[in-house]
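Each remark here refers to the structure printed beneath this line.
Nothing in this text is a laboratory measurement; each read-out follows from the coordinates by a stated rule. Because the structure is predicted, anything quoted here is derived from the model rather than measured. Ideal geometry is used to build each Cβ from the backbone, glycine not excepted, and the neighbour counts take in all protein chains shown.
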Amino acid sequence: MKTNYDNKMMEIINSLDSKKTLLLHSCCGPCSSACIERLKDYFDITVVYYNPNIEPKDEYEHRKSEQIRLLNEWSIKYIDSDYENDLYKRLTKDLALEKEGGIRCSVCFGIRLKYTAKKALENGFDYFTTTLTVSPHKNSELINKIGGSIGESLGIKYLYSDFKKKEGYKRSIELANTYNLYRQNYCGCLYSKEGNIYEE
């Protein structure tokens, strides 16, 4: 039986005795919008935009600028990060033939979640999590297992989630339209761009 990670998130939230600090990894402005809206009453949120998978560089910068624009409008704190595309390429160089959603994506999720967990630990955050589960094209069970495992290994609490539940993805589209946010038509890496299988 699959875990309902939205219920698991609410169990964590309902157990809190005060507003905790949360480092939220974000893949882009539109995805972050619905997640921030959902969490802002329970957590003091800081967003980190760390996505070394996104290519080309001008696409990365465009998404980053849109993310920052939304955070500035909402007065949400932000941590900047280096691009580190070489790291992504090195760790996925033997996975070019893997199908979208397979092992290559697992490695990519791990790179971003481990970075976020380390940043959360270094800066004294209570929790870390990611916006990645808001996409209907992403495997939330896999993302949560990776995040939970990294959190346990590093000694930092991971906030389990499935932000696509309760029409989270639909809400992200509505907010993107409201704030006129750029919505990309591929996940981020060149492999997903070649397939061009969906719109975030």
If I model a spin label as a point 7 Å beyond the Cα along the Cα-Cβ vector, how far apart are those points for L87 and K2 in nm? 3.1 nm
Taking alpha-carbon centroids only, segment 154-196 lies from segment 96-143 a number of Å equal to 12 Å
Once the dipole of segment 47-200 is set up with Lys and Arg at +1 and Asp and Glu at -1 on Cβ about the Cα centre, which of L87, I103, G147 lies farthest towards its positive end? G147
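Under 1.5 on a/c is rounded, so check that first for segment 1-94, then, if it is not, pick prolate when a/b is larger than b/c and oblate when it is not; a ≥ b ≥ c are the square roots of the alpha carbon gyration tensor eigenvalues. Each step should come with its number before you reach the end.
On the way: a/c = 2.47, a/b = 1.49, b/c = 1.66.
Oblate shape, in that a/c is at least 1.5 and b/c is the bigger or equal ratio.
Please state the shape class of segment 94-143: rounded when a/c is under 1.5, otherwise prolate if a/b exceeds b/c and oblate if not, all from the C-alpha gyration tensor. Could you put the intermediate results ahead of the total?
Values: a/c = 4.13, a/b = 1.76, b/c = 2.35.
Because a/c hits 1.5 or more and a/b fails to exceed b/c, segment 94-143 counts as oblate.
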Can you give me the C-alpha center-to-center distance between segment 63-89 and segment 30-61, rounded to a whole angstrom? 7 Å
Out of (1) 51, 39, 33; (2) 46, 38, 35; (3) 65, 47, 30, which label holds the value of Cα extents along the principal axes in Å that was computed here? (2)
Summed over the other residues with a beta carbon less than 11 angstrom from that of R104, with K and R at +1 and D and E at -1, the charge totals -1
Could you grab the relative contact order for the chain? Cα pairs under 8 Å, six or more apart, rounded to a whole percent. 29 percent
5 angstrom amide H check on I79, placed H, neighbours 5+ away: V47, V48, Y49
